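The values are calculated or read from the model by the stated rules, or taken from the named source; none is laboratory data. Since the structure is predicted, the reported quantities are computational estimates derived from the model, not experimental observations. For neighbour counting, all protein chains shown are included, and Cβ atoms are generated from backbone atoms with ideal geometry for every residue, glycine included.
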Amino acid sequence: MTHEMANPLSEAVVRSPGIEVYAFGPIRVDVARHIVLRDGQPIALAPKTFELLLILVRSGGRALSRQELVAKLWADTFVEEANLSFQISTLRRVLGMGAELWIETVPKVGYRFTPEVTREAPTPATPPPARMLPGEGDETTPAPTLLTPDGISTRRRWMSASEWRKGTRFRALHVLASLCAALAVGLVALGMVYDRERQRSQDLRQLAAETFFQTRELDADLARLRRSGASSNTLVRSSYRLTKLEESYDRYLELIGTYAGKTQAERSVMRMARRLGESELDVSPGFHALAMQYVEEWRADAPLLRAALDRAREGNLLELVYKALDERGLPRELALIPLQESDFDIAWVGARRPRGISKGMWGFIPDLATRYGLALGPLHNAPIYDALDERHDPVRSTDAAVSHLADLYSSPAAASGLLVIAAYNYGPGNVINKLNELPDDPRDRNFWNFYRHKWMSDEALDYVMSVFAAALICEDPALFDIPIERP
């Protein structure tokens, strides 16, 4: 009777509760040996990324908050959430196809690990084959023999010319082959360095984007906190965190070289987009040229622009608007909306439209004015100035307009000043309804998507670009050679 001997190594693995091997899809994770395999091929993971993977596979499919993951990965150490985003991005990339579905982003919460995970025994290491001397264990292998050649002369002789040439040619070919081999090795090394630097640049760009989107979300949260009357301590903490995130974002931009090689005008456009809530990393092709086109239009109307800004200064209108915007934490560039609406003319009266006649320097239509507490005058249906209509009152109308802007700023417009400007002109419903159709992700809910996909009317785009170009000019009139005094 024959007896099969059990594999003691396999039995030890199965019985040992301390050995963990997890499997999902084509991935196997051997905890004890710190090995991750995909289809049997090893995947290189940094220690922190490996630790994150273990937390996810052990989570049992529940949603893990960002705060919980940060606390587990960096216990007793303060780090920004952008570090977690970077680790998630890295893990998705190295796990390969399917990782985007495995590591699900849960909006406003964190992440969920979705695949079914099984726990199994690790593959035992295969012992190396015993080394044998030639002839051992194989009767067909002949034993080595030593051959002593006969007839070799020990007498020195001179080489012939042909032999010398052959030897020289051989040495030259040998040197050439060595040089080619060294060149090939150098090119491979250079390629590896290039790939590593390219991957580093991509990782930094991803980290910068994640950091920017966090600033967008926090900026919108701050607007909501101010609107709800949150305590000063809460506002100070959130503002401090926002400042630190913006500093990190600036460092990433510097490392990536986002502004390198740009003209001064291009840098001005990128900085203005940033101040109005959009990332410099995603500036749409053609946007700079379009902005310069509107700068040229303002240059052609330089006397009108100068007169409007003088009117605003003389009536202390800019100071009034700046103060209201500052109190609500809104970008000062929004103070140029009355420039586009009325040239800062408090007596301005618009044309009759289906929703009524807009009046005042903010161009309020009747229903929006009453919604924000402005009293309409007896002549609100007549296209003439009405001293009893509060839309012509600069203080009351500014308070109402900035309240409206703050509401837009804390809506799904997601802290984008450019989308807020679009909503002010195009109507909140037209912008916000479209935003609600998009994923709850700032990568999708931004002005660049509206611009690229033409999700706003030509009139609304013209309005936004006019305000944007005016903000560029007022920021640095000398750069654009327009003779106005900086407001």
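Determine if the range 376-391 includes at least one residue that is under 34 Å from the mean Cα position of the chain (by Cα) and not hydroxyl-bearing (S, T, Y). No - not one qualifying residue is present in the range 376-391. Taking the range 443-458 as the range and being surrounded by 14 or more Cβ atoms within 10 Å (Cβ to Cβ), within 15 Å of N433 (Cα to Cα) and not hydroxyl-bearing (S, T, Y) as the test, the residues that pass are R445, N446, F447, N449, F450, W455, M456.
Are any of the residues in the range 418-434 loosely packed, with under 14 Cβ neighbours inside 10 Å, in the same structural domain as P285 (by TED's automatic domain parsing), of a type outside the set (D, E, K, R) and more than 22 Å from R226 (Cα to Cα)? Full working, then the answer.
Residues of the range 418-434 that are loosely packed, with under 14 Cβ neighbours inside 10 Å, as a first pass: 429, 433.
Among the residues that remain, those that are also in the same structural domain as P285 (by TED's automatic domain parsing) are: 429, 433.
Still in the list and also of a type outside the set (D, E, K, R): 429, 433.
With more than 22 Å from R226 (Cα to Cα) added as a condition, the list becomes 429, 433.
The answer is yes, given that some residue of the range 418-434 is loosely packed, with under 14 Cβ neighbours inside 10 Å, in the same structural domain as P285 (by TED's automatic domain parsing), of a type outside the set (D, E, K, R) and more than 22 Å from R226 (Cα to Cα).
Could you tell me whether the range 36-48 includes any residue that is assigned to a strand (DSSP E or B), modelled with pLDDT of 85 or more, of a type in the set (K, R) and closer than 20 Å to R119 by Cα? Yes, there is a match, as at least one residue in the range 36-48 is assigned to a strand (DSSP E or B), modelled with pLDDT of 85 or more, of a type in the set (K, R) and closer than 20 Å to R119 by Cα. Consider the range 459-473. How many of its residues are modelled with pLDDT under 95 and either buried (at least 20 other Cβ atoms within 10 Å of the Cβ) or not assigned by TED's automatic domain parsing to the domain that holds G417 (or both)? Residues meeting the conditions: 1.
Pairs meeting the criteria (first residue in the range 94-122 and without any contact (Cβ under 8 Å) to a residue 12 or more places away in the chain and surrounded by fewer than 19 Cβ atoms within 10 Å (Cβ to Cβ), second residue assigned to a strand (DSSP E or B) and basic (K, R), beta carbons under 7 Å, at least 6 apart or on different chains) are E104/R112. Scanning the range 206-259 for residues that are surrounded by fewer than 18 Cβ atoms within 10 Å (Cβ to Cβ), farther than 17 Å from E80 by Cβ and touching a residue at least 60 places away in the same chain (Cβ under 8 Å) yields R224, R227. Of the residues making up the range 454-487, those that are touching a Lys or Arg at 6+ places or on another chain (Cβ under 8 Å) and among the aromatic types (F, W, Y) number 2. Quick one: would you say R452 is among the basic types (K, R) and assigned by TED's automatic domain parsing to the domain that holds L281? Answer is yes for this residue.
Tell me, yes or no, whether the range 51-69 has at least one residue that is in the same structural domain as P115 (by TED's automatic domain parsing), of a type in the set (A, V, I, L, M, F, W, C), surrounded by 15 or more Cβ atoms within 10 Å (Cβ to Cβ) and modelled with pLDDT under 85. Checked the range 51-69: no residue is in the same structural domain as P115 (by TED's automatic domain parsing), of a type in the set (A, V, I, L, M, F, W, C), surrounded by 15 or more Cβ atoms within 10 Å (Cβ to Cβ) and modelled with pLDDT under 85. Among the residues of the range 272-317, just one is more than 22 Å from K454 (Cα to Cα), of a type in the set (D, E, K, R) and assigned to a loop (DSSP other than H, G, I, E, B), namely D301.
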